[in-house]
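Novice: Provided herewith is a single structure, encoded as structure tokens, for subsequent inquiry.
The values are calculated or read from the model by the stated rules, or taken from the named source; none is laboratory data. The structure presented is a predicted model; accordingly, all values stated were derived computationally and were not measured. Glycine gets a Cβ as well: all are built from the backbone with ideal geometry, and neighbour counts include every protein chain shown. Note: accessible area is taken over every heavy atom of the protein model, side chains too, but ligands, DNA and RNA are not part of it. Shrake-Rupley method; radii C 1.70, N 1.55, O 1.52, S 1.80 Å.
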Amino acid sequence: MMARLLRLSLLAGVAAGSVVPSAYAQSQDTRERLSERYLEGRQNTTALPETAGTQPGDRASRQAYEARPLSYVLRVSPRVTYSDNVELAPEGFEQQDALASVYMSGGALVDRVRFKGIVNGSIEVGSYLNPPEVGGEALYDRTVFSPNVIAGGTTKLVDNLFYFDLAASAREQALDETTRSSGGTSLAGNQRLANSYAVSASPYLFRRLGSEATIEARYRYVAVSVDDDQSVEGIDDYLNDSQSHELIAEYSSGRLFDRVGFSVRAFANSTEETGSQVLPEVDFSQASISGDLRYAMNRKVSLVGTVGYDDVETNGTSPFDDDDLSGTFWKAGVALTPGRRSEASLELGERYGGTWVDASASWRYSSRLQFRLSANNRLMTTAQAQAERFNVLQEETLSYAEELRQLGNLTSENILERVLEFNEGLSDLTRQQAGLSRSTGVYADMIAQAPRSSLVLRTGYDKSDFGFEEIDTWSISGLLNHRISRRLDAYARANYQDSSGEIGGSLEDCLTALRQNPDNAGMTDAMLQAICQSGEGLALDTRTLILSAGLDYLLFRDLNAFAALSRSQRFADTPANEYVENSVTVGLSYDF
């Protein structure tokens, strides 16, 4: 469970460097205060009897404590942000403007006998002061509504048998890779962003048998709708909406045998992405059956392996050959548990017509220092990516509430660590995928905490093959927070991202790739074909550097004043793809 959640959480946080710096720092503070407030209402509570169970509403197998039904934190922050290049335009085309807004962030945890739920995120509403006009029309929308909220909960209908998951999100959706690596007010409301809304419903049967064996049968429905009517001029629907149906059945042997553990799993998925006036539709289905085997050589070393079969159909909507994606797959490797604070696994094999890598590692040197590493191959659609994020949230909700019950050896720092480990990346900007991608990712991070300082270092590499185009992205980022005095806090953040793309050799591949760029939305097929034939304007290599710093001063109890500076610069092979943006933000924040 730990390794699986670790991989999912790391995969979910690929684009974390694109979060507005001041919002990121406040999000961390919100999570810490949520943890502390939850614990405050739980100290010195009466212990409950020990009974088995791991699903919501069940008693913990270890000593448990009565839960506080509702914990929440809310921060309201009026602010003004000035940018000297709101649209991230190249030199000579910059537009200056200021955004006056109210930024609300917070979180809530509901812990009832039959329901566990968590809400986390932010909403920003505001208005640009002086949008430039072209031909009597504003270059971009004056008003801004930027949601970034995700929520999920699990209801126990029948103890140790029947449960229901429900999750939803409202988030900013980047239209292309350019926006993902930008900063400052350009993330607030320009034409490269749209609001994306998603919902997931999942009834499932879960039964814990003797010797910790489990059996599960689950159905999951995910729908993603993108509100992009005003995002690209002249096009009402630029991105596809999507929906996905999943069926999962799994049996795990638990500790039925002394040294051997195994599980069998059946999986079926059907995904459709439709509605775009420009991008191709997706009609994807997958059926898989697999078995996992684990043999414990001793307490620290286990041999692990998986074998199965995929049947994938793209129904002519993907450049990939169905036969290459289908067939027998396997992986084999080793899992290590050197000590109570560390674990690692490495498995190699073949799947989806290529090498299959599945690896993870974590080392918790102390409660204040930890390292993590993850690598994986995946076949992904937009709806499946959203389902994976919801899955992380659902698993986090369960483990979060379960950990909070067991207060014997937990502190607020431990709880914050759990939130960072499993919920990090759920509030980043992501790209709505235009079709099916075959991706390989490697990610690593380090989290260090001291009494007055904290440091987060993160790096990642992602290679995504869409059939018509390959995009390689490498990034590294760092965030440093330091308490200068009882009233004054400071932070500094740096993010570097190197992105390169290679378009397929056919004319159709080139046309499909060019349509992914909103800047080409007004071009006819003849104009795009001319670009493909000339080879000019196809340079996709960019390097983006973002630097930011800020101060936060406590004026009165729960009332702070803050200021932040940011500089974002992109380097490219062609001047038209380069930009420089400087921004400054000042404001107040009040904690409820």
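Novice: Sequence-distant or interchain residues sharing an amide H contact under 5 Å with L70, placed H: which?
Specialist: Sorted by chain and number, the residues that satisfy this are D111.
Novice: Take the Cα pairs of the stretch 464-521, get the Kirkwood Rh, then feed it into Stokes-Einstein at 25 °C and 0.890 mPa s and tell me D in µm²/s.
Specialist: 167 µm²/s
Novice: Further, regarding this structure: How do the peptides 542-548, 325-331, 259-265 rank, highest first, by the average count of neighbouring beta carbon atoms within 10 Å per residue?
Specialist: Sorting 542-548, 325-331, 259-265 by mean packing, highest first, produces 542-548, 325-331, 259-265.
Novice: Using a 10 Å cut-off on Cβ atoms, rank the peptides 438-444, 507-513 from the highest mean neighbour count down.
Specialist: 438-444, 507-513
Novice: What residues have an amide H closer than 5 Å to that of D84, excluding those fewer than 5 places away on the same chain, when H is modeled at 1.01 Å from N in the peptide plane?
Specialist: Amide H neighbours of D84, under 5 Å, 5+ apart: N582.
Novice: In addition: What's the ranking of 247-258, 74-85 by average number of surrounding C-beta atoms within 10 Å, highest first?
Specialist: Listed from highest to lowest mean packing, they are 74-85, 247-258.
Novice: Here is a further query. Assuming 0.36 nm per residue, please report the length gained on full extension of the stretch F371 to L455 beyond their Cα-Cα distance.
Specialist: The span from F371 to L455 would gain 29.1 nm if fully extended.
Novice: Let me ask something else. Over the stretch 474-573, average the accessible area per residue using a 1.4 Å probe and give it in Å², no decimals.
Specialist: 53 Å²
Novice: In whole percent, how big is the carbon plus sulfur part of the accessible area of the stretch 448-592, probe 1.4 Å, protein atoms only?
Specialist: Answer for the stretch 448-592: carbon and sulfur cover 60 percent of the accessible area.
Novice: State the extension gain, in nm to one decimal, for the chain segment bounded by V586 and A448, taking 0.36 nm per residue of separation less the distance between their alpha-carbons.
Specialist: Answer, rounded to one decimal: 46.9 nm.
Novice: Let me spell out the model: positive unit charges on the Cβ of Lys and Arg, negative unit charges on the Cβ of Asp and Glu, origin at the Cα centre of the stretch 445-591. What dipole size does that give, in debye rounded to 20?
Specialist: My answer is approximately 1320 debye.
Novice: Counting other C-beta atoms within 10 Å, and keeping those with at most 11, which DSSP coil trypsin sites (Lys or Arg not before Pro) do you find in the stretch 266-303?
Specialist: Sparse-neighbourhood loop trypsin sites (Lys or Arg not before Pro): R299.
Novice: For L209, what residues show an amide H to amide H distance below 5 Å, using hydrogens built from the backbone and excluding near sequence neighbours?
Specialist: T214, I215
Novice: Something else now. As an exercise, use a Förster radius of 45 Å and the Cβ-Cβ distance of T214 and T524 to find the FRET efficiency, rounded to the nearest 0.05.
Specialist: 0.20
Novice: Taking R0 as 51 Å, what's the FRET efficiency between L555 and D227 from their Cβ-Cβ distance, rounded to 0.05?
Specialist: The value I calculate is 0.85.
Novice: Taking 10 °C and 1.306 mPa s as the conditions, I'd like the Stokes-Einstein D for the stretch 505-592 in µm²/s, using the Kirkwood hydrodynamic radius from alpha carbon pairs.
Specialist: For these conditions, the coefficient is 95 µm²/s.
Novice: So, one more: Zone of L157 (label point 7 Å along Cα→Cβ, backbone N under 19 Å): which residues in the stretch 203-218?
Specialist: 203-208, 215-218
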